[in-house]
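Shown next, in structure tokens, is the structure this report addresses.
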Amino acid sequence: MKRLACATILAAAGFFWSRPASSGVIIDGFDVAHQVNSTPGPTTSSAPEGLGGERDLRVFAPPVTPAFTADTNLTAPSVFAYSEPTVLNAIVELEYDGIDGSAFLDATGLGGIDLTADGADRFVLDVIAADFAGFMTIFVYSDASNSSAAQIPFGAGIVSSTLFEFPFATFAPNLGAGADFTNVGAMEFVIGSVPNSLLEFRLDSIRTTPEPASGLLLVGGIAALARARSRRRS
């Protein structure tokens, strides 16, 4: 009976560890084909699956390097992908600023959305492949004068789904007083390679999500178990 009670506590904690997939907001699932070449410059595409209904995509690379492309839903279904054709320090940017038919940033184009709705408190990027190391940076704008940014490096050798979390609380002001995450007008997601690398990168999705409140429940369950064991010993 005592073992059953202990198992019940842990099972309950494990049950609450799961959070419904509907929590948070899908920023982009990359279901619509979209391609950009490093030579002509940025492009914009309808993205009904993306936040704001439109995605801007651009590549920054030294002009002497061979032209190369980044794409969504072309190299692989529902995946953002890019491969560097030679060793270079390229930067690829995904931008979400509402439907304006332009690849230039409109810092209030999303109309002041609340990213904290549904309890969300972080971005989650699902990286499914990266052969070399690099970095991911997120810029969040409330308007043209107030933005915040956070950056996370990623290591080489990613070959399966790996989640990278950007808690809103870790963002630092980039312009002005910083972004208000309850009043967001635009977002930029930047992926870059480290020097002397030949990066192939795949991203499955970008979304927001709440911190699993179940983590506290699990800790509470373990604490209750510890107290029960202590009482039995005494």
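What follows draws every value from the coordinates through simple rules; no lab data is involved. Values in this document were obtained by computation on a predicted structure and should not be read as measured data. FYI the Cβ positions are ideal-geometry reconstructions off the backbone, even for glycines, and counts take in every protein chain you see.
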One finds, for Thr182 and Val124 with R0 = 22 angstrom and r their Cβ-Cβ distance, a FRET efficiency to the nearest 0.05 of 0.70
Contact order relative to length for segment 21-211, counting C-alpha pairs under 8 Å separated by 6 or more residues, stands in percent at 28 percent
Lys and Arg at +1, Asp and Glu at -1: neighbours of Ser197 with Cβ under 12 Å from its Cβ sum to -3
Two pseudo-spin positions, 7 Å from Cα along C-beta at Ala172 and at Ser102, lie apart in nanometres by 3.1 nm
Note, Thr43: beta-carbon cut-off 12 Å, +1 each Lys/Arg, -1 each Asp/Glu, net -3
Simple spin-label estimate for Leu198/Ala33, 7 Å along Cα→Cβ, in nm, reads 2.8 nm
Quick calc: nm separation of the 7 Å Cα→Cβ label points for Thr86 and Ala156 -> 2.0 nm
Lys and Arg at +1, Asp and Glu at -1: neighbours of Leu94 with Cβ under 9 Å from its Cβ sum to -3
